[in-house]
1. Leaving out ligands, DNA and RNA, and with a 1.4 Å probe, what % of the accessible surface on the range 16-83 is carbon or sulfur?
2. Given a 1.4 Å probe, how much area per residue of the range 28-73 is accessible, in Å²?
3. Scan the range 94-187 for GluC sites (Glu not before Pro) in coil per DSSP, keeping those whose Cβ has at most 16 other Cβ atoms within 10 Å, and list them by number.
4. Evaluate the charge dipole of the range 38-77 about its Cα centre and quote only its size in Debye, nearest 20, assuming +1 on the Cβ of each Lys and Arg and -1 on the Cβ of each Asp and Glu.
5. Would you calculate a helix-derived [θ] at 222 nm for the chain, using -39,500 (n - 2.57) for each DSSP H run of n ≥ 4 and dividing by the full residue count, to the nearest 500?
6. What's the percent breakdown of Cα-Cα distances in the range 97-170 across 5 Å bins, shortest bin first?
7. Lysine pairs in the range 1-92 with Cα distance under 25 Å, only those 8 or more apart or on different chains: how many are there?
8. Once you keep just the Cα pairs under 8 angstrom separated by 6 or more residues, what percentage relative contact order results for the chain?
Amino acid sequence: MKTAKKNLSPQQTEELLTILRGRFEENMHRHETIKWDEVLARLESNPEKLWSLEEMEETGGEPDVIGVNDKGEFIFFDCSEQSPKGRRSYCFDREALDARKENKPKSSAVETAQAMGIELLNEDEYRELQKLGEFDTKTSSWIKTPEAIRKLGGAIFADRRYNTVFIYHNGAESYYAARGFRGKLYV
């Protein structure tokens, strides 16, 4: 069980690192120039990031390294084949959740991501993910929505059908059993 300080026990840390290393080694096409020892050193020096990765893992995200940003941080994306199972049936954000009068979902994508210490992928990041494999072929994922769209009550989501990435819109208060969200974390 995680503590309030968002730290993992030594056993949880060891188990998570084993999972992450296995996934890293099985999917070298996602990070061909990155060495596991470098990722491990960064993870071991950032326990709060390990906690967020554990949250991603527990909710079915299958986080993996997909690159390095311009600050030298490793970029982790949810790389589960379909939208993470433990993060589906959420409306877009707190405002949308509050606007629902009945049949409210248990939470929102933006709020849950913040609680996990991660951020939703934006459209460009979602398209980058899709270059690494075929994701969301049966599901869809909320993505970061431009403020102008959100102010008008909408939100955007994405999926992959017919070997093509589609970006769609929906009312931010909508939610579906096959729509979740994918996150990113910089370590």
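The values are calculated or read from the model by the stated rules, or taken from the named source; none is laboratory data. All values reported here derive from a predicted model rather than from experimental measurement. Every residue, glycine among them, receives a Cβ derived from its backbone with ideal geometry; neighbour counts consider all protein chains shown. Only protein heavy atoms, including side chains, enter the accessible area calculation; ligands, DNA and RNA are left aside. Shrake-Rupley method; radii C 1.70, N 1.55, O 1.52, S 1.80 Å.
1. Heavy-atom surface of the range 16-83 belonging to carbon and sulfur, 1.4 Å probe: 45 percent.
2. 52 Å²
3. Answer by residue number: Glu102, Glu134.
4. Here the size comes out at about 200 debye.
5. -10000 deg cm²/dmol
6. 3, 15, 22, 24, 20, 11, 4, 1
7. Here the count comes out as 10.
8. 24 percent
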